Amino acid sequence: MKKVILAAMAAALFAQQVGAQESPAKTYIHAGRLLADPASGRVETGKTVVVEGGKIIEIRDGYVGEGKVIDLRDAFVMPGFIDSHVHLTFESGPTSRLDAVTKSTTDQAFDGVVFAGRTVRAGFTTVVDLGSDPEAINALRDAIASGKVVGPRIVAAGGVAAHGGHGDVHGYRQEILDLFRAPTLCSGADDCARAVRLAVQQGADIIKTASTGGVMSNTAAGLGQQMSDAELVAIVETAHRLGRKVAAHAHGTDGVNAALRAGVDSVEHGTYIDAESIRLFKAKGSYLVPTLLAGDTVSQQAENADWMPDAVRAKARTVGPLMVDALRRAHQGGVRIAFGTDSAVSKHGENAREFALMVKAGLTPLDTIRAATVWGATHIGLEGEVGSIAAGKAADIVAVRGNPLDDVRQLETMDFVMKGGAVVRSAGD
């Protein structure tokens, strides 16, 4: 009942703000330049994308169709983007530590409505939320899926982490720690298997764990391995038996490699990967989600943000500058890459700044787009639904005026966004 109330309240708040335009029977999108399949990299000209019932039904030569026609003849048209690492129900800032103990689940759901709107208007039509209050994010996910709220398609994680590690609560009096600790924290392999089962029961689409310490944890516990090998194996095996992928937050080399040996589907951050890490990534078929924007953001905050706790500041100064080089080495080594920002560390709606940082790490503009479309879709198991513009797939379509293959920063200013056949951003918005 509480979940239903949250969804209804969020929908009422946002209904007049988003102005999403529901499509009629058919919508014809005239695309001047069309990157329908980023895997091929082929840009076609003078095409019409036909949309009906929220899906793409065909791509036709020339500019055809009558009735609802969207003129993007001067634009560069692509599939909607996927951000494989966000936290939609909060945003880091001066009040973060106070918010953690004063904001209710309902408050977080309302914040999520606002941040979801910013995210989808930035061109990100699918996201993986890797750490929000389960009730808040699941309610937001379901409200968006049912059309009550406009936002990206959400794959929502359930967090399973070690007592005292990254993912636990830090920096408060003991009675506050005890009050806000999640029931999916665990110690020991059997307990971690229990925590995974509980997270799935609570509605998790994917399991997020943390094999190492984290930059934003308010504790001087380092960035090395914090979960045992046996705990990680139990998490992965249990999640996979229940049909869930596992994403592992990991910075230190020992924790990265332990998570990969355990069989995680992705490593988030991967700051200290080494040659053995790259071998394991390739052997296991796991993805790296590099989150360079988070590293860039915390590096700047470490010098300028008075609100950042000292324990966090020290780690941010160390880790931030290393993340671009980690991606460079991974990409050169042939590791699979999926686009992810860790938005909430950075501001929601600025997700596209990650593209330029990935280019800085040595990826081509086309490969960064692939990481946010076809590669990202395969990473999260939605390749049959999103990631390219093709008949039968969701009508998630974005466009910019410039050519992002020449200047990837063109993607930081969206001119048009369609999510599931509904226009959520058009020129001039």
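Between R42 and T102, full extension at 0.36 nm per residue minus the direct alpha carbon distance yields a gain of 16.5 nm. Using every pair of distinct Cα positions in the chain, the Kirkwood expression returns a hydrodynamic radius of 21.7 angstrom.
For Cα pairs less than 8 Å apart in space and 6+ apart in sequence, what is the mean separation divided by the residue count of the range 81-379, i.e. the relative contact order in percent?
Values: 659 pairs, mean separation 56.8, N = 299.
This gives 19 percent for the range 81-379.
So what does log10 I(q)/I(0) come out to for the range 302-429 at q = 0.11, 0.15, 0.20, 0.21 Å⁻¹, using the Debye formula with one equal point on every Cα and no solvent? Debye output, listed in q order: -0.48, -0.85, -1.27, -1.33. Computed from Cα positions, the angle between helix 2-18 and the longest principal axis of the chain comes to roughly 40 degrees. What the Cβ-Cβ distance of S228 and L366 gives, at R0 = 35 Å and to the nearest 0.05, is a FRET efficiency of 0.30.
Using a simple spin-label model with pseudo-atoms 7 Å out from Cα toward Cβ, R401 and E350 lie 2.3 nm apart. Using just its DSSP H runs of length 4 or more, each adding -39500 (n - 2.57), the chain gives a mean residue ellipticity at 222 nm of -11000 deg cm²/dmol after division by all residues. Give me the base-10 log of I(q)/I(0) for the range 109-169 at each q in 0.24 Å⁻¹, Debye formula, one uniform scatterer per Cα, rounded to two decimals. Taken in order of the listed q values, log10 I(q)/I(0) reads -0.93.
Length available on full extension from T95 to V69: 0.36 nm per residue minus the Cα-Cα distance, which gives 4.8 nm.
Here F81, F416, F281 are placed in order of increasing Cβ neighbour count within 10 Å, fewest first, which gives F416, F281, F81. Compare A234, A193, A314 in a GNM of the chain, Cα atoms joined below 10 Å, and give the one with the largest fluctuation. Highest fluctuation of the listed residues: A314.
With the simple spin-label model, which puts each label point 7 Å out from Cα in the Cβ direction, the E52 to R279 separation comes to 5.5 nm. In this simple spin-label approximation, A145 and K26 carry label points 7 Å from Cα along the Cα→Cβ vector, and these lie 3.1 nm apart.
With the cut-off at 31 Å, tell me which of the pairs K148/K284; K347/K393; K26/K245; K360/K419 have Cα atoms farther apart than that.
Exceeds cut-off: K148/K284; K26/K245.
No value in this document is a laboratory result; all are computed from the given coordinates. Worth saying up front: this structure is predicted, and the values here are computed from it rather than measured. Cβ sites come from the backbone with ideal geometry, for glycine too, and all protein chains shown count toward neighbours.
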